[in-house]
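Below is one structure, written out as structure tokens; comments come after it.
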Amino acid sequence: MNKKQARDLFNKYVNNECTPKEIELLNNFLDSFQDRNELWSDLDFNEELQKKIWSKIQLRTNIGKRTKKYPFMSLLRYAAIFIGIGIGIFVWAELKKTERPEPVSWDNEVVLKMGDNSLKKVNTSGKGVLVNTEGKVIASQEGDLIVYEQGSMAETLVYNEVHVPRGETIRLVLSDGTSVHLNSGTSLRFPINFTREGERKVFLKGEAYFEVAKNAAHPFSVTAGDMGIRVLGTHFNVSSYKYSEEYVVLVEGSVEVQDYSANGSGNAPKTIKPGEKASLLSGSIDVKDVDVEDYLGWRDGSLIFNNETFADIIPKIERRYNVNIENNLSSLETVRFNGKFKEESIVDLLDTFKESVGFDYQIIEDKIIIKTNDKSMENNK
């Protein structure tokens with residue numbers, strides 16, 4: 001669900017117009033935020049709507065002990081988010097200044113956001129342990145692998161969030177034994193320990209490969225953009241990069257895919273089988289057979305293109321090599337390519353495309369400018 005859809009649902013909520021399905025969507029959206037500053041800055045509410053939401057929460061808090069009329073009582077968990085509104089928007093702005101930690105750039109480093117919102121840089125060439133605010137060890141780290149302490153359950157959820165920059169990948173083992181391999185340009189929000197009841201929920205932005213530890217009593221779910229994926233134990237790849245196709249590719253077991261977008265919220269979830277890919281289209285879930293290996297090469301550093309347009313390939317190159325590409329040849333956008341690359345440098349890769357199609361390029365620091373090569377592009381139309 002994007003920002004506009006969330007704001008529309010909040011407007012419906014304050015007017016008592018939400019359906020049960022829309023309430024579920026709001027709950028999933030709220031669950032993807034860990035602190036109030038992030039929520040307010042992302043939604044960009046005006047002061048009038050903030051006050052309406054807070055007034056409605058106050059009303060439901062007062063009558064909550066006498067009636068179950070309101071199904072959206074789970075929102076009360078977020079009452080602390082709205083308390084500052086009653087003091088006034090200017091005081092709230094000051095609170096944001098004091099509560100928000102000093103900005104840390106994670107453009108080129110793996111960064112872990114801890115339960116207290118502090119940021120820790122992860123040295124993928126070293127090793128060490130991660131501790132919480134009480135000094136208790138919660139995980140160990142060696143190289144690109146972070147392993148959380150296994151077995152223990154929590155009364156309440158405390159989240160960590162790992163951010164992986166372009167040009168890097170990292171592996172996690174969650175507290176339930178689930179293994180997650182994160183692609184470049186990806187973030188994953190997950191509990192340090194799961195609770196004794198309910199689902200095991202994580203939230204993904206980007207791409208990851210999951211090997212889920214089986215636990216029939218506690219299904220595992222991934223919220224990734226407008227997709228919801230629910231499983232018991234299985235292996236699958238999820239991609240939900242911004243402005244790119246959102247899809248799930250199943251390797252082993254079975255998963256249930258739900259469309260949380262506004263257009264698809266009324267549709268029933270679909271269950272897919274190994275070797276199938278489920279993609280979100282406009283208001284529907286498209287399922288088709290694929291070669292799963294085409295979608296898993298990134299785990300060992302490979303780039304695989306299977307009849308893909310250059311427009312779709314560009315963001316993959318940018319993430320893999322941590323570069324920015326400026327393509328000044330509109331005719332190149334729709335040209336399709338096949339190939340597999342692994343050890344090649346960015347120059348090797350560009351030269352391969354150049355030989356196939358014909359163009360010139362210039363590299364300035366981390367920026368690549370693609371430009372015409374006389375009339376070669378005209379000859380390849």
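Below, the figures for the structure above:
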{"item": "Some residue of the range 185-192 being among the polar types (S, T, N, Q), within 30 Å of residue 125 (Cβ to Cβ) and either touching a Cys at 6+ places or on another chain (Cβ under 6 Å) or crowded, with 22+ Cβ neighbours inside 10 Å (or both)", "result": "yes"}
{"item": "Filter result (outside any strand (DSSP E or B) and free of Cβ contacts under 8 Å to residues at least 24 places away in the same chain) within the range 110-123", "result": "116, 118, 123"}
{"item": "Residue check for residue 329: of a type in the set (A, V, I, L, M), within 29 Å of the chain's Cα centre (by Cα) and at negative phi", "result": "no"}
{"item": "Lone qualifier among 156, 124, 133, 169 - being at pLDDT 95 or above, open to solvent by 30 Å² or more (accessible area, probe 1.4 Å) and on the phi < 0 side of the Ramachandran plot", "result": "169"}
{"item": "From 372, 334, 352, residue being of a type in the set (S, T, N, Q), in contact with an Asp or Glu (Cβ under 9 Å, 6 or more places away or on another chain), within 18 Å of residue 311 (Cβ to Cβ) and at pLDDT 90 or above", "result": "352"}
{"item": "Selection status of residue 215, of a type outside the set (Gly, Ala, Ser), open to solvent by 20 Å² or more (accessible area, probe 1.4 Å), within 27 Å of residue 276 (Cβ to Cβ) and not in a strand (DSSP E or B)", "result": "yes"}
{"item": "Among residues of the range 360-374, those that are of a type in the set (D, E, K, R) and in contact (Cβ under 8 Å) with a residue 40 or more places away in the chain, counted", "result": "3"}
{"item": "The range 218-232 - residue that is part of a loop (DSSP other than H, G, I, E, B) and either of a type in the set (D, E, K, R) or surrounded by fewer than 17 Cβ atoms within 10 Å (Cβ to Cβ) (or both) and, of those, farthest from the chain's Cα centre (by Cα)", "result": "219"}
{"item": "Matching residues, the range 186-200, being assigned to a strand (DSSP E or B) and either among the aliphatic types (A, V, I, L, M) or more than 17 Å from residue 213 (Cβ to Cβ) (or both)", "result": "186, 187, 188, 189"}
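Results for (1) under 28 Å from the mean Cα position of the chain (by Cα); (2) modelled with pLDDT of 80 or more; (3) not aromatic (Phe, Trp, Tyr), shown as yes or no for each residue.
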{"position": "75", "(1), (2), (3)": "yes, no, yes"}
{"position": "79", "(1), (2), (3)": "yes, no, yes"}
{"position": "90", "(1), (2), (3)": "no, no, no"}
{"position": "102", "(1), (2), (3)": "yes, no, yes"}
{"position": "108", "(1), (2), (3)": "yes, yes, yes"}
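The values are calculated or read from the model by the stated rules, or taken from the named source; none is laboratory data. In this text, all values refer to a predicted model and were calculated from it rather than measured experimentally. Backbone-built Cβ (ideal geometry, glycine too); neighbour counts: all protein chains shown. Just the protein is used for accessible areas: all its heavy atoms, side chains included, with ligands, DNA and RNA removed. Shrake-Rupley method; radii C 1.70, N 1.55, O 1.52, S 1.80 Å.
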